[in-house]
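Encoded as structure tokens, the structure appears first; notes follow it.
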Amino acid sequence: MSSYSFSIFPNDNFLDLRPYQYGWEQCKPLYSFGPFVRNHYLLHYVISGQGLLHSNDADGVTHYHHLHAGQGFLICPGQVNTYRADEDQPWKYVWVEFDGLRAAEYLDAAGLGISQPIYRPKDPAMGDAVRDRMLYIASHADASPLHLVGQLCLFLDELVHSSATRRESKGGQLRDFYIQEAVNYIQRNYQRALTVEELADVCKLNRSYFSKLFKEVVGSTPQEFIIQLRLNKAAELMKASNASIGDISVRCGYPNQLHFSQAFKKCYGLPPREWRKQNKPR
């Protein structure tokens with residue numbers, strides 16, 4: 001019987017919220033992962049057993065968290081972390097990796113972030129609902145992208161309402177309008193060189209203020225978002241077309257194929273050609 005399950009979300013046409021990977025694993029005693037840095041948000045929920053999380057806060061200070069069944073832990077983009085299963089009671093956990101324009105906002109509403117990574121439910125039944133939703137996502141990899149995005153929305157709604165650290169969300173409709181304008185512009189122009197100054201000008205905002213606003217809403221800098229969008233588009237083209245890697249590189253804003261290959265490997269863990277061999281439908 002398998003001790004783990006792992007799936008990758010097949011579509012990148014969702015910007016507000018998007019799952020990336022999801023699965024579950026029964027870890028062996030003292031099984032350790034890291035130190036590692038993620039590109040997206042990753043939430044684990046401990047189903048049984050226990051383990052230890054080492055994670056850096058916003059100031060780079062390492063904190064140690066002992067976790068057991070019924071708790072969860074969040075890993076934020078760019079955060080250095082390591083986690084290890086207990087020797088006597090190794091944990092089994094389910095996990096969902098996700099991101100999007102609204103991801104940081106919802107996590108903030110749940111009281112979760114780089115300096116507060118531990119999820120504790122208000123009561124066990126609410127925690128069970130979060131666990132079951134995550135297990136549903138992990139076990140329905142063949143569902144349509146729209147269905148999985150809907151399940152991700154329900155998962156985050158349950159996470160926010162069940163979190164013991166929940167706080168009232170901040171109003172930000174005008175802020176969101178500005179950033180949505182920038183994202184729409186990026187989507188139309190990602191194939192060419194884009195600067196932060198150009199994006200700030202589109203929104204009629206000061207460059208520094210725009211950059212700060214973008215990071216608060218999206219959870220990444222404008223340039224990080226552009227890179228991720230380009231690489232996501234490239235991955236989709238490699239799966240759905242027979243275009244050459246060089247052609248895809250240029251179409252996705254990378255006139256230099258070497259730079260494209262380096263960026264792609266950093267994000268997906270494999271060079272473009274190797275990734276294509278493993279992921280192109282047969």
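How many residues does segment 115-129 contain that are assigned to a helix (DSSP H, G or I) and touching a strand residue (DSSP E or B) at 6+ places or on another chain (Cβ under 6 Å)? Within segment 115-129, residues that are assigned to a helix (DSSP H, G or I) and touching a strand residue (DSSP E or B) at 6+ places or on another chain (Cβ under 6 Å) number 1.
So the check is Cβ under 9 Å with 6+ separation or different chains; which pairs have a first residue in segment 195-207 that's free of Cβ contacts under 8 Å to residues at least 60 places away in the same chain and a second one that's basic (Lys, Arg) and in a helix (DSSP H, G or I)? Partner pairs satisfying both residue conditions: VAL196/ARG207; GLU197/ARG207; LEU199/ARG207; ALA200/ARG207; ASP201/ARG207.
Do we find that LEU229 is farther than 17 Å from ARG38 by Cβ and surrounded by 13 or more Cβ atoms within 10 Å (Cβ to Cβ) in this structure? Judged against the criteria, LEU229 is a match. Checking GLU181, GLU158, GLU197 one by one, the residue that is of a type in the set (D, E, K, R), modelled with pLDDT of 85 or more and closer than 30 Å to ILE47 by Cα is GLU158 and no other. Looking only at residues of segment 90-106 that are of a type in the set (A, V, I, L, M, F, W, C) and out of contact with any Leu (no Cβ under 7 Å at 6 or more places or on another chain), we find that the one that is surrounded by the most Cβ atoms within 10 Å (Cβ to Cβ) is TRP91. Within segment 58-114, being of a type outside the set (A, V, I, L, M, F, W, C) and part of a helix (DSSP H, G or I) holds for GLU105, TYR106, ASP108. Of everything in segment 252-281 that is part of a helix (DSSP H, G or I) and polar (S, T, N, Q), the residue that is surrounded by the fewest Cβ atoms within 10 Å (Cβ to Cβ) is GLN278. Considered as a group, the residues in segment 29-57 that are within 12 Å of THR82 (Cβ to Cβ), part of a strand (DSSP E or B) and not small (Gly, Ala, Ser) include one that is farthest from the chain's Cα centre (by Cα), and that residue is LEU52. Of LEU135, LEU199, LEU194, all but one fail to be surrounded by 14 or more Cβ atoms within 10 Å (Cβ to Cβ) and in contact with a strand residue (DSSP E or B) (Cβ under 9 Å, 6 or more places away or on another chain); the exception is LEU135. Just to be sure, is TYR209 aromatic (Phe, Trp, Tyr), exposed (fewer than 15 other Cβ atoms within 10 Å of the Cβ) and outside the structural domain of ALA69 (by TED's automatic domain parsing)? It is true that TYR209 is aromatic (Phe, Trp, Tyr), exposed (fewer than 15 other Cβ atoms within 10 Å of the Cβ) and outside the structural domain of ALA69 (by TED's automatic domain parsing).
Restricting ILE226, ILE245 to residues that are of a type in the set (A, V, I, L, M, F, W, C), farther than 29 Å from GLU197 by Cα and either in contact (Cβ under 8 Å) with a residue 60 or more places away in the chain or not assigned by TED's automatic domain parsing to the domain that holds GLN79 (or both) narrows the list to ILE245. Identify all residues within segment 65-83 that are surrounded by fewer than 16 Cβ atoms within 10 Å (Cβ to Cβ) and either of a type in the set (Lys, Arg) or out of contact with any Leu (no Cβ under 9 Å at 6 or more places or on another chain) (or both); write none if there are none. HIS68, GLY78, VAL80, listed by residue number.
State yes or no: is LYS239 in a helix (DSSP H, G or I), of a type outside the set (Ser, Thr, Tyr), farther than 30 Å from ALA58 by Cβ and not assigned by TED's automatic domain parsing to the domain that holds ILE114? So LYS239 fits the description; yes. Summed over segment 82-118, the residues that are within 16 Å of HIS63 (Cβ to Cβ) and among the hydrophobic types (A, V, I, L, M, F, W, C) give a count of 3.
The values are calculated or read from the model by the stated rules, or taken from the named source; none is laboratory data. Note that the structure is a prediction, hence the values are computed from the model and not measured. Every residue, glycine as well, gets a Cβ built from its backbone with ideal geometry; the counts of neighbours run over all protein chains shown.
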